[in-house]
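Undergrad: Sharing a structure with you now.
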Amino acid sequence: MRQPIIAGNWKMYKTVQESVDFVRQLLPRIEPFGSVERVVCPTFLAVYPVAEALRGTALKVGAQNVAAVKEGAYTSQVSPAMLQGVVEYVIIGHSEARKFLHETDAEINAKIKAALEYGLKPILAVGESLEQNQAGETQAFVSGQVRAALQGISAEQMANIVIAYEPIWAIGTGKNASGEVANAIISGAVRATVAELYGSAVAGALRIQYGGSVKPDNMAEYMSQPDIDGALVGGASLKVDDFTRLVEAAAQAKGA
Ligand code: PGA
């Protein structure tokens, strides 16, 4: 069985102090739900103090991006070598990074390779725009993003990757995709593409999250779908109560 994974993407929210206070409050609340893998992704500034505060606990830390090279003249960037030993996960290809930082599929592919080389586990985010969705291009576009991001990645390396399907029109809008719709894309465009590339055993073991306006009240709807293994959550991951309820719903839905 695939272990459910809930990752909180804090985007550009919370100061260092707020981030550390948050995880200290969250830890005891989510303790009963050890069957679910739980990750928080603070801003770069807060990644290290949060990781220190969580050392030895079951709440894991992720970064929100990573550079594709070890070091160099790349003002503003943070390298995988710097994140190694500090975080376990790193979000790569989030639609906001694709949009505001103009990240291309080729750069995202290079970042995934670099992250894996330094022992970081990528959470690869993919998803279509509203226009693509309305034009009926979702399956083909998402499948293409998955293919491009995974070029040159081996079947063994796939064990360390999580994919998050996040329709752009659902992110931060309150307009979430229904559980059924999300499951259809996750199954038909993400898992099916991975099966084509690596075979059904690798595809069957891959954990795939849904993301986009996930809230405590709709979490069970996603987790009851056969191909959805968790969620990448923005807004609702910023509150201790909501985060706790997300994890609880995931644990209950998967019978854990
Ligand atoms: P949201 O963000 O939950 O606030 O819609 C999701 C994400 O961007 O990962």
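Undergrad: Please give the contour-minus-distance gain from Val86 to Ser224: 0.36 nm per residue of separation, less the Cα-Cα distance, rounded to one decimal in nm.
TA: 46.4 nm
Undergrad: What value, in deg cm²/dmol to 500, does the helix sum -39500 (n - 2.57) over DSSP H runs of n ≥ 4 give at 222 nm once divided by the residues of the chain?
TA: -12000 deg cm²/dmol
Undergrad: How much length would be gained if the chain were fully extended between Ser178 and Glu117, taking 0.36 nm per residue of separation minus their Cα-Cα distance, in nm to one decimal? Walk me through the numbers before you get to the answer.
TA: Working: separation 61, 0.36 × 61 = 21.96 nm, distance 3.60 nm.
Here the answer is 18.4 nm.
Undergrad: Using the structure shown, select from Lys60/Lys239; Lys14/Lys254; Lys14/Lys60; Lys215/Lys254 the pairs with a Cα to Cα distance greater than 21 angstrom.
TA: Lys14/Lys254, as the Cα separations exceed 21 Å there.
Undergrad: Among 147-155, 106-114, how do they line up by average Cβ neighbours within 10 Å per residue, starting with the highest?
TA: The peptides rank, most packed first, as 106-114, 147-155.
Undergrad: With a cut-off of 19 Å, note down the residues of the stretch 96-124 whose backbone N falls inside the zone around a label point 7 Å from the Cα of Gln151 toward its beta carbon.
TA: 98-99, 102-117, 124
Undergrad: Same structure, new question: Evaluate the distance, in nm, between pseudo-label points positioned 7 Å from the Cα of Ser35 and of Ala195 along their respective Cα→Cβ axes.
TA: Modelled inter-label distance: 2.6 nm.
Undergrad: Tell me, what ³J(HN,Hα) does each residue in the stretch 180-194 have, in order and in whole Hz, if you take phi through Karplus 6.51 cos²θ - 1.76 cosθ + 1.60 with θ = phi - 60° and put x for Gly and Pro?
TA: Here the 3J(HN,Hα) series is 5, 5, 4, 5, 5, 6, 4, 6, x, 10, 8, 5, 5, 5, 5 Hz.
Undergrad: At 7 Å along the Cα-to-beta-carbon direction for both His102 and Ala135, put a label point, then send me their distance in nm to one decimal.
TA: Result: 2.1 nm between the two label points.
Undergrad: Also, I was wondering about something else. Classify the chain as rounded, prolate or oblate from the Cα gyration tensor: take a ≥ b ≥ c as the square roots of its eigenvalues, call it rounded if a/c is under 1.5, otherwise prolate when a/b beats b/c and oblate if not.
TA: Rounded.
Undergrad: How far apart, in nanometres, would the label points at Lys215 and Met1 be if each is projected 7 angstrom from Cα along the Cα-to-Cβ direction?
TA: Label-label distance for Lys215 and Met1, simple model: 2.9 nm.
Undergrad: If you don't mind, another one. Of the candidates Asn183, Asn65, Asn160, which one comes out as most mobile in a Gaussian network treatment of the chain with C-alpha springs shorter than 10 Å?
TA: Comparing Asn183, Asn65, Asn160 in the GNM, the peak value goes to Asn160.
Undergrad: Please arrange Tyr74, Tyr89 by how many other C-beta atoms lie within 10 Å of their C-beta, fewest to most.
TA: Taking fewest neighbouring Cβ atoms as first place, the list is Tyr74, Tyr89.
Undergrad: Amide H of Glu128: which non-local residues (sequence gap of 5 or more, or other chain) have their own amide H closer than 5 Å, using H built in the peptide plane?
TA: Amide H neighbours of Glu128: Ile168.
Undergrad: Test of understanding: in a Gaussian network model of the chain with alpha carbons linked when under 10 Å, which of Val86, Val181, Val202 would top the mean-square fluctuation ranking?
TA: Of Val86, Val181, Val202, the Gaussian network model singles out Val181 as fluctuating most.
Undergrad: Follow-up. Top mean-square fluctuation among Pro80, Pro49, Pro122, Gaussian network model of the chain, C-alpha springs under 10 Å?
TA: Pro49
Read the figures in this text as sums done on the coordinates, not as results from a lab. Fair warning: this is a prediction, and the values are worked out from it, not measured in the lab. Every residue, glycine among them, receives a Cβ derived from its backbone with ideal geometry; neighbour counts consider all protein chains shown.
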